[in-house]
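Participant: Please see the structure below; I have some questions.
Any read-out appearing in this document is the output of simple, stated calculations on the displayed coordinates, not a laboratory observation. From a predicted model like this one, the values you see are computed outputs, not experimental measurements. Cβ sites come from the backbone with ideal geometry, for glycine too, and all protein chains shown count toward neighbours.
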Amino acid sequence: MPLPGVVRTHRTPPRGGLAQIRSQPLKIITYVARLDKRAIQADLEGLRLAISMAGSRFAYVRNFELPDPLLPETYMVLRIDGHAFHRLSADHDFAKPNDERALQLMDHAARDVMNEFKDIVLAFGESDEYSFLFRKSTALYNRREAKILSTITSLFTSSYVFNWPKYLPNTPLKYCPSFDGRIILYPSPTIVRDYFSWRQADTHINNLYNTVFWALVLQGGQTTTEAHATLRSTVSSTKHEILFSQYGINYNDLPARYRKGSVLVRTEVNGEADANATDAQSLESPSPIPPTATEVSQGSKKKKERIRTIVELLHCDIIGDDFWNARQNLLAD
Ligand code: DGT
Ligand code: MG
Ligand code: MG
């Protein structure tokens with residue numbers, strides 16, 4: 001493509017190729033560019049005008065972009081939740097009440113987020129949602145809310161779509177899944193713990209209800225309306241009893257992933273052997289999981305300490321003290 005303002009006049013190159021060019025250097029000017037001065041001047045004036053406008057007259061619009069810093073010295077929890085997943089799960093024939101493959105896919109997307117953002121120390125997932133806890137002193141993107149929220153929600157979503165075929169190979173996606181996101185700030189470690197307890201209690205309540213509900217429908221032959229009516233005002237022990245006496249299901253024997261949700265926790269490890277260790281997630285996944293070992297630099301530039309971390313997947317209780325007592329770093333700094 002010719003440059004603007006440059007008009008080319010052509011002459012054919014000398015026959016004989018390079019040999020002739022070397023022997024007759026003065027005759028090798030075969031392409032002559034004649035500059036059209038008027039065209040160039042017009043281009044330059046247009047350019048000057050655009051630059052001056054960008055620098056002054058229109059630049060004021062930036063002032064409408066308001067700063068959105070998240071309060072310092074607070075714990076940041078980012079929760080994403082699938083948009084209209086009642087529909088997406090039905091349209092893609094998710095197993096009821098829990099689809100192991102879909103839940104593993106959620107775990108994979110959450111792990112991708114944690115591999116990319118090292119300031120996330122803990123994540124908890126259930127159903128179509130995931131909550132991420134940042135270390136208290138994180139300075140990620142200068143704690144700009146929209147930047148953090150949009151980047152992580154978008155990374156989670158793209159990983160979910162990207163990895164879908166690995167977990168549901170025979171179920172093509174019919175449309176684009178999306179996730180909403182929010183960031184909540186908590187002022188104290190106690191409230192952060194209560195937040196995660198709230199989500200895990202929600203996992204338990206929903207899973208117990210859904211397990212009995214779908215047993216009544218799929219095994220008991222009730223309509224969904226009848227099943228809701230059967231369960232109306234029942235307490236937890238009644239639901240356990242229905243499951244056990246009518247369907248021979250001991251609730252506590254159900255997979256821990258369904259009862260406890262998924263806990264992804266960043267753990268410091270010593271030495272390379274540990275850092276390369278395969279964790280539970282890698283073993284149960286149908287496809288290779290991205291490497292989890294990470295090096296985090298801490299301390300002054302002069303004396304840098306390399307801390308290796310892995311992201312572990314657990315399905316354990318996080319309401320009691322044991323989990324937190326064993327990992328005091330999660331709520332430190
Ligand atoms: P939203 O979040 O307001 O856009 O609406 P939904 O429809 O996403 O509702 P939500 O987030 O309260 O509930 C999650 C839905 O996703 C719920 O209808 C059950 C469905 N879901 C999530 N995981 C599974 C699964 O493993 N199996 C099945 N069958 N459904 C699931
Ligand atoms: Mg949802
Ligand atoms: Mg949800």
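Participant: Can you give me the Cα centroid spacing of the range 183-246 and the range 62-117 in angstrom?
Facilitator: 21 Å
Participant: If you don't mind, there's one more thing I want to ask. Report Rg(Cα)/(2.2 N^0.38 Å) for the range 75-264, keeping two decimals.
Facilitator: Against the empirical 2.2 N^0.38 Å value, I get 1.12 for the range 75-264.
Participant: Still on this model: Report, in listed order, any pair from LYS166/LYS260; LYS147/LYS260; LYS96/LYS174; LYS136/LYS239; LYS118/LYS166; LYS118/LYS260 with a Cα-Cα distance greater than 29 Å.
Facilitator: Pairs exceeding 29 Å: LYS147/LYS260; LYS136/LYS239.
Participant: Which FRET efficiency value, to the nearest 0.05, do you get for SER197 and LYS174 by plugging their Cβ-Cβ distance into 1/(1 + (r/R0)^6) with R0 = 41 Å?
Facilitator: So the FRET efficiency works out to roughly 0.70.
Participant: Another question, if that's okay. Just rank THR153, THR225, fewest to most, by other beta-carbon atoms within 10 angstrom.
Facilitator: Ordered from fewest to most neighbouring Cβ atoms within 10 Å, THR153, THR225 come out as THR225, THR153.
Participant: So how much slack lies between ALA59 and GLU226, counting 0.36 nm per residue of separation and subtracting their Cα-Cα distance, in nm?
Facilitator: Net length gain for the segment: 53.8 nm.
Participant: Right, next: Using amide H atoms built in the peptide plane, which far-off residues or other-chain residues are under 5 Å from ILE249 H to H?
Facilitator: PHE244
Participant: Report ³J(HN,Hα) in whole Hz for each residue of the range 248-259, in order, from the Karplus equation J = 6.51 cos²θ - 1.76 cosθ + 1.60 where θ = phi - 60°; Gly and Pro get x.
Facilitator: Values per residue, Gly and Pro as x: x, 9, 8, 3, 5, 8, 5, x, 4, 4, 6, 7 Hz.
Participant: Measure off 7 Å from each Cα along the Cα-to-Cβ vector at PHE162 and ASP93, then give the distance between these two points in nanometres to one decimal.
Facilitator: Distance between the two pseudo-spin positions: 2.8 nm.
Participant: How large is ³J(HN,Hα) for each residue in the range 327-333, as worked out from phi by the Karplus curve 6.51 cos²θ - 1.76 cosθ + 1.60 (θ = phi - 60°), to whole Hz, x for Gly and Pro?
Facilitator: Using θ = phi - 60°, the values come out as 9, 5, 5, 4, 10, 6, 6 Hz.
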